[in-house]
Amino acid sequence: MATAEQQAHTEDHPTPRTYINVAILLTVITIVEVAIVIIEVPTVFLISSLLALSAVKFAFVVGWFMHLKFDAKLYQALFLGGLFLAIAVLLALVALFENFTLP
């Protein structure tokens, strides 16, 4: 007989169908990202849209496939902190190289 804790854990855990739905969503987001790169769009739209779509994909991968949705909030904060730091560094590099000219 399962204890109350084991039963609660199995009830909270997603089904395989949920993982398939998340995988389909990630595939659609990837297709949109590739389409945005293939069609020539303004740089500002390209960078902002790719950053936003990548952040959404990151959240889904971390939350569902790494099971952080079911872990302590501290782990989520650590991963999100890393994401925001990476975005800040990327934006700083883009700003640096957009304004960088050789004499």
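The values are calculated or read from the model by the stated rules, or taken from the named source; none is laboratory data. Values in this document were obtained by computation on a predicted structure and should not be read as measured data. With ideal geometry, Cβ positions are generated from the backbone for all residues, glycine too; neighbour counts draw on all protein chains shown. What goes into the accessible areas is simple: the full protein's heavy atoms, side chains included, and nothing from ligands, DNA or RNA. Shrake-Rupley method; radii C 1.70, N 1.55, O 1.52, S 1.80 Å.
How about segment 56-75: which of its residues are more than 20 Å from Thr18 (Cα to Cα) and open to solvent by less than 80 Å² (accessible area, probe 1.4 Å)? Talk me through it step by step, then tell me what you get.
The first filter runs over segment 56-75 and keeps only residues more than 20 Å from Thr18 (Cα to Cα), leaving 72-75.
Matches in segment 56-75: Ala72 only.
Which residue, of Ile87, Ile47, is under 12 Å from the mean Cα position of the chain (by Cα), surrounded by 10 or more Cβ atoms within 10 Å (Cβ to Cβ) and over 29 Å from Pro14 (Cα atoms)?
Details: Ile47 fails: under 12 Å from the mean Cα position of the chain (by Cα).
Within the list Ile87, Ile47, the selection yields Ile87.
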* Qualifying residue in segment 12-31 (condition: open to solvent by 80 Å² or more (accessible area, probe 1.4 Å) and modelled with pLDDT under 75) -> yes
* Test Ala52 against the criterion of being assigned by TED's automatic domain parsing to the domain that holds Leu91, out of contact with any helix residue (DSSP H, G or I) (no Cβ under 8 Å at 6 or more places or on another chain) and open to solvent by less than 80 Å² (accessible area, probe 1.4 Å), and give yes or no. => no
